[in-house]
Amino acid sequence: GENVEQHPSTLSVQEGDSAVIKCTYSDSASNYFPWYKQELGKRPQLIIDIRSNVGEKKDQRIAVTLNKTAKHFSLHITETQPEDSAVYFCAAIIGNAGNMLTFGGGTRLMVKP
Amino acid sequence: GAGVSQTPSNKVTEKGKYVELRCDPISGHTALYWYRQSLGQGPEFLIYFQGTGAADDSGLPNDRFFAVRPEGSVSTLKIQRTERGDSAVYLCASSVLGAYNEQFFGPGTRLTVL
């Protein structure tokens, strides 16, 4: 089955700096890659996603890039703010094989004011 | 509109007991998923429903776990003879049918087995 590795497990940045989180996946059939943000004690919430037919997607301060050949994708957050502090999870899905998400282990992002 | 809801929010039980966890998906969402999240880890897939039927239950760890969705809306995850290792947050998610549609998560049920 699919396996998703995520790093770093923790990331501390100064407010205003950029943060980058990287994930690799094992199954080349994966074709949809969402990113979820989970604040302490709260539910995961989708912040951005990308399909395998595009290489990059941007939404304000958040962007995701995908390299299908290398089987890795990354989340980029620019101009970080304290409210960006949370745990971020990448995930991969094989769209025609059941729709279940395989999650990475998570990255705890701390933005210091 | 209302999001995905789950009850109870917390459940404490003793080893060997039976528990039921309930999920109310977003109205109109045909697809429903159960995941389990252990402390400090990402959610792990358990089971996926399309309508009333379990389309994929490959993530259920063993036959003590079972889930139903008899009318294609509310789902119940049932755990028999609970073990301490079952302690985790059980998350439910729903989506419209289709591979690339956002899965909306509920707040989870924190299960503690003493």
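Derivation of every value follows stated rules applied to the coordinates shown; laboratory data play no part. Note that the coordinates shown come from a computational prediction; the quantities given were computed from them, not determined experimentally. No Cβ is skipped: glycine too gets one built from the backbone with ideal geometry, and neighbour counts run over all protein chains shown.
Residues of A:99-110, mean number of Cβ from any other protein chain within 10 Å of their own Cβ, rounded to a whole number?
Values: counts 14, 14, 9, 5, 7, 2, 3, 5, 0, 1, 0, 0.
Mean partner-chain Cβ count within 10 Å for A:99-110: 5.
All other residues with a Cβ under 14 Å from the Cβ of A:Gln81 taken together, and with Lys, Arg as +1 and Asp, Glu as -1, what is their net charge? Let's see the in-between values first.
On the way: positive: A:Lys37, A:Arg61, A:Lys112; negative: A:Glu15, A:Asp17, A:Glu39, A:Glu79, A:Glu83, A:Asp84.
Result for the local shell: -3.
Between A:Arg61 and A:Glu83, full extension at 0.36 nm per residue minus the direct alpha carbon distance yields a gain of 6.6 nm. May I ask for the Kirkwood hydrodynamic radius of the protein assembly as shown, worked out over all distinct Cα pairs and given in angstroms to one decimal? By the Kirkwood definition, the hydrodynamic radius is 18.0 Å.
Using Cβ contacts closer than 10 Å as the measure, can you line up B:Thr82, A:Thr65, B:Thr112 from fewest to most? List each step's numbers first, then the result.
Details: B:Thr82 21, A:Thr65 17, B:Thr112 13.
Exposure proxy ranking, most exposed first: B:Thr112, A:Thr65, B:Thr82.
Calculate, for B:Thr76 and A:Thr10, the FRET efficiency according to 1/(1 + (r/R0)^6) with r their C-beta to C-beta distance and R0 45 Å; round to the nearest 0.05. Efficiency computed from Cβ-Cβ geometry: 0.80. Remark: chain A projects, on average over all directions, an area of 6.7 nm² (convex hull of Cα atoms). Cross-link partners for A:Lys37 among the lysines, with Cα-Cα distance under 22 Å and sequence neighbours closer than 8 places in the same chain left out: A:Lys22, A:Lys57, A:Lys58, A:Lys71, A:Lys112.
Here the contact order of segment B:1-105, divided by its residue count and restricted to Cα pairs under 8 Å and six or more residues apart, works out to 33 percent. Identify, among A:Tyr32, A:Leu46, B:Gly59, the residue whose Cα sits farthest towards the positive end of the charge dipole of the protein assembly as shown, taking +1 on the Cβ of Lys and Arg and -1 on the Cβ of Asp and Glu, with the dipole about the Cα centre. Farthest towards the positive pole: B:Gly59. Taking the fewest neighbouring Cβ atoms within 10 Å as the starting point, the ordered list for A:Lys68, B:Lys11 is A:Lys68, B:Lys11. The base-10 log of I(q)/I(0) for chain B, evaluated at q = 0.19, 0.20, 0.21, 0.24 Å⁻¹, reads -0.94, -1.04, -1.14, -1.46 [Debye formula, identical scatterers on Cα atoms, solvent excluded]. Normalising the average separation of contacting C-alpha pairs (under 8 angstrom, six or more residues apart) by the number of residues puts the relative contact order of chain A at 37 percent.
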